[in-house]
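Worksheet: the structure to be examined is printed underneath.
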Ligand code: NIG
Ligand code: FE
């Protein structure tokens, strides 16, 4: 047993995911302590009282600093090889992201590098990013495939996720994204590739997972629903087939154009609809009435130098569940820090620091179906939490560009950050 005591603010997020206005309720306990037994949280309460009750527990003095749940990043493309800083320069000179993609760059450039990389190289490059995210407070991260598109490379990406989980300490939650782009082999034949996904890609992925993942739940399936990639008809076909096979589903919707993807996600009972920049009022209403979590990725417009962001206040007003994610990827936003995402959200999504933290913890846990296990500091939950370098959690959103996490606690084990 260990007890983290002398906590200025324990931002507990107790009581489950929050929708609409309830996102502002962070469940703050001042002068608090957290009792940890093995991998789980046993008790949360006033510091003096808990110290008195548990005199034999190992004591960890938080130094009157704030403690928050470990960040959950519910949308990343963590598993890739290579680097596309050349495209960043092309965009600065006026080319658009979709133009570069149509000319064979973009996702397809990363695809070539990822197909070439060995499993060991892919793991080594992804691990570097995983550990950076961890030191910045992300204790669980979703990660998508989608940089292989052929079976062999997609399975190599899934294998990399399994290996990263064995290495730890970051937990990685898998998503199969065979529908991330149209591979060169099917150029001009979106219908053909969509049929291949339905008939081969999805069922084969399910078989592979059942044989290799030792009983872990099936990955999510995600589709890049966008003009010129997978439009509504193909997206629906892939998602319905996924549901038939028992995969939980997610969707990239409204990143560049509005096709109605968010409403489709809500209609099909998707776990989340992500990006949501060009989302219409009709789509927002549908999300607001549904259990589908709206995931905003403000690092993406920021990374692309764009000025339009998710209409987050309208989503909250409509009663929706809003979560935040990095979208960590080599093309639009190479950023591992959920702290930076909170800072962006307060400025451009007009969230309060409490709402931004809700979106980075308990609501983002719901966006990957893990809200029963992680995302809050309350008895029975996994002991994933962060001891900050500040006594006021609002600095997570206010200050930016530096790391305010001094100790990451993952499954009850302490990982101190040097220099913080
Ligand atoms: O979420 N939009 C599709 N996928 C990523 C970008 C992937 C890439 O450019 O490599 C995104 O922004
Ligand atoms: Fe993405």
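The values are calculated or read from the model by the stated rules, or taken from the named source; none is laboratory data. Keep in mind the model is a prediction, meaning the values are calculated, not measured. Glycine also receives a Cβ, built like all others from the backbone with ideal geometry; neighbour counts cover every protein chain displayed.
Below, the figures for the structure above:
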{"read-out": "Test: residue 287 is away from ligand 1 (no atom under 14 Å from the Cβ) and outside any strand (DSSP E or B)", "value": "yes"}
{"read-out": "Selection within the range 233-274 - out of contact with any helix residue (DSSP H, G or I) (no Cβ under 7 Å at 6 or more places or on another chain), over 23 Å from residue 192 (Cβ atoms) and outside any loop (DSSP other than H, G, I, E, B)", "value": "250, 265, 267, 272, 274"}
{"read-out": "The range 72-89 residues that are closer than 17 Å to residue 116 by Cα and touching a residue at least 12 places away in the same chain (Cβ under 8 Å), paired with ones that are in a loop (DSSP other than H, G, I, E, B) and more than 16 Å from ligand 2 (Cβ to nearest atom) (beta carbon under 9 Å, 6 or more apart)", "value": "80/117; 81/117; 82/117; 84/105"}
{"read-out": "The one condition in (1) within 22 Å of the chain's Cα centre (by Cα); (2) away from ligand 1 (no atom under 16 Å from the Cβ) that residue 84 fails to fulfil", "value": "(2)"}
{"read-out": "Selection status of residue 185, more than 16 Å from ligand 1 (Cβ to nearest atom) and within 20 Å of residue 370 (Cα to Cα)", "value": "no"}
{"read-out": "Qualifying residue in the range 205-227 (condition: in a loop (DSSP other than H, G, I, E, B) and within 15 Å of ligand 1 (Cβ to nearest atom))", "value": "yes"}
{"read-out": "Options 271, 277; residue that is closer than 22 Å to residue 321 by Cα and within 16 Å of ligand 1 (Cβ to nearest atom)", "value": "277"}
{"read-out": "Some residue of the range 51-63 being surrounded by 14 or more Cβ atoms within 10 Å (Cβ to Cβ), away from ligand 1 (no atom under 16 Å from the Cβ), in contact (Cβ under 8 Å) with a residue 60 or more places away in the chain and under 19 Å from the mean Cα position of the chain (by Cα)", "value": "no"}
{"read-out": "Condition broken by residue 363, with the remaining ones in (1) closer than 30 Å to residue 101 by Cα; (2) touching a strand residue (DSSP E or B) at 6+ places or on another chain (Cβ under 9 Å) satisfied", "value": "(1)"}
{"read-out": "Residue in the range 302-313 that is in a helix (DSSP H, G or I), more than 16 Å from ligand 2 (Cβ to nearest atom), under 21 Å from residue 24 (Cβ atoms) and modelled with pLDDT of 95 or more present", "value": "yes"}
{"read-out": "Scan of the range 144-172 for residues that are within 13 Å of residue 77 (Cβ to Cβ) and under 16 Å from the mean Cα position of the chain (by Cα), ordered by number", "value": "144, 145, 146, 161, 172"}
{"read-out": "Scan of the range 251-283 for residues that are more than 14 Å from ligand 2 (Cβ to nearest atom), farther than 21 Å from residue 370 by Cβ and crowded, with 24+ Cβ neighbours inside 10 Å, ordered by number", "value": "262, 279, 283"}
{"read-out": "Residue within the range 171-185 that is in contact with a strand residue (DSSP E or B) (Cβ under 6 Å, 6 or more places away or on another chain) and more than 16 Å from ligand 2 (Cβ to nearest atom) present", "value": "yes"}
{"read-out": "Matching residues, the range 147-179, being within 16 Å of residue 200 (Cβ to Cβ) and outside any helix (DSSP H, G or I)", "value": "148, 149, 150, 176, 177, 178, 179"}
